[in-house]
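One structure is given below, encoded as structure tokens.
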Amino acid sequence: MTTSNGLLLIDKPQGITSHDVVARVRLELSERRVGHAGTLDPMATGLLVLAVGPSTRLLRFAQGETKRYSGTVTFGVATDSLDADGQVLERRAVPTLSAHDVSEAASAMLGAQRQTPPMVSALKVGGRRLHALAREGLEVERVARDITIGEFSLRATEVPEVWEFDVTCSVGTYVRVLLSDLANRLGTLGHLSSLRRLASGEHDVSDALTLLAFKQALEVGQEVLQSPRLFVTGLEHVDLSADEERRMRMGQHLELPGTYQGSEIAAISEDASLIGVLRRRGEKWKPEVVLTNDTGSGSR
């Protein structure tokens, strides 16, 4: 019996949740073990990184990847969710915005900073989702998180209140909060009116399949999963002998020649497949993640 195993890139359409995508993939592949890295709200489109089969144990390596987005912000209107899916709370006249003023305000928001998550979000406080508390009219204190904005640029459209943007940011960044804060800097209100994820780490939406293309590929027997090795491109790699692989699969600590900078390294087999991840333990390396070697599609 073979097991689906590997990386799957999906171009999520608007109007469904990231969990909906996972459910469809589970159904089409008849594989229960499917997970995703980096939730996209229903209104957002674009790249969703999924792991299938044993590769779900590698998802944490994709969780921390830098994200790149494009979209639009609409100034002059505030919503309770800070995006277009929310209820309008307030409208305000929009001052004349020059490209220079907007660019200057955006540039001031670059770099490391603290950001407070919005009330309408999936984060939990006291065991309850924030969006559930928000629906009850409650607002609770949220812990600000460290984020980094690497790039942030905007350009005007034919509609004075609507500006297009591009942003590169660290994991955990709420783009809708960023745009609301930008609007405040510009002396007005604003909300995220469209959002598309273009990239996550080295993964690009141009390499992703739509749900329809995914289904059609499966119907004609086309490979849809990519190598699990793509989850660990950010780690140093070590090539193991057949004996070292056997010992790693038995859970034994390994002594490895060479110098490695990180605390974790990817272990590669003699046939160039990913065996798993080793973690430093003193002078030796302990098996941290070991992938099953009874794999089928996408296993290399």
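A few comments on the model shown:
- Nearest-20 debye value, segment 229-290 charge dipole, Cβ charges on Lys, Arg, Asp, Glu: 300
- Approximating the spin labels as points 7 Å out from Cα along Cα→Cβ, the Asp101-to-Met250 distance works out to 7.2 nm.
- Calculated [θ] (222 nm, deg cm²/dmol) that DSSP helices of n ≥ 4 give over the chain, each run adding -39,500 (n - 2.57): -5500 deg cm²/dmol
- Structural descriptor for the chain: relative contact order 24 percent, calculated from alpha carbon pairs under 8 angstrom and at least 6 residues apart.
- Hull volume in cubic angstrom per residue (convex hull over the Cα atoms of segment 229-290): 74
- Cβ charges +1 (Lys, Arg) and -1 (Asp, Glu), total dipole of the chain, debye: 900
- Mean separation of Cα contacts under 8 Å, 6 or more apart, over the residue count of segment 229-290: relative contact order %: 35
- Using θ = phi - 60° and Karplus 6.51 cos²θ - 1.76 cosθ + 1.60, couplings along segment 228-238 (whole Hz; Gly, Pro as x): x, 4, 5, 6, 10, 5, x, 9, 5, 10, 9
- Unit charges at the beta carbon, dipole of segment 137-209: most positive-side option, Gly187, Ile147, Thr157: Gly187
- Extreme residue, positive dipole direction of segment 163-240, given options Leu178, Ala208, Leu198 (C-beta unit charges): Leu178
- Segment 167-238: GluC sites (Glu not before Pro) in DSSP coil with no more than 14 other Cβ atoms inside 10 Å: Glu202, Glu223
- Förster radius 30 Å - calculated FRET efficiency between Ile16 and Thr116 (Cβ-Cβ, nearest 0.05): 0.60
- Option label - Rg and Dmax of the Cα atoms in Å computed here, alternatives (i) 22.1, 71; (ii) 18.0, 52; (iii) 18.4, 58: (i)
- Segment 241-261 and segment 1-76: distance between their alpha carbon centers, rounded to Å: 32
- Point-charge dipole on Cβ atoms (K/R +1, D/E -1) for segment 176-300, about Cα centre, debye to 20: 620
- Note on Arg145 and Asp80: their simple-model spin labels are 2.3 nm apart, each label 7 Å out from Cα toward Cβ.
- The DSSP beta bridges internal to segment 229-290 are antiparallel in roughly 75% of cases.
- The trypsin sites (Lys or Arg not before Pro) of segment 1-38 meeting both criteria, a DSSP state outside H, G, I, E and B (loop) and at most 14 other C-beta atoms within 10 angstrom of the site's C-beta, are Arg32.
Each value in this text was obtained by applying a stated rule to the coordinates, not by laboratory testing. If you're wondering where the values come from, they're calculated on a predicted model, not measured in any experiment. Glycine gets a Cβ as well: all are built from the backbone with ideal geometry, and neighbour counts include every protein chain shown.
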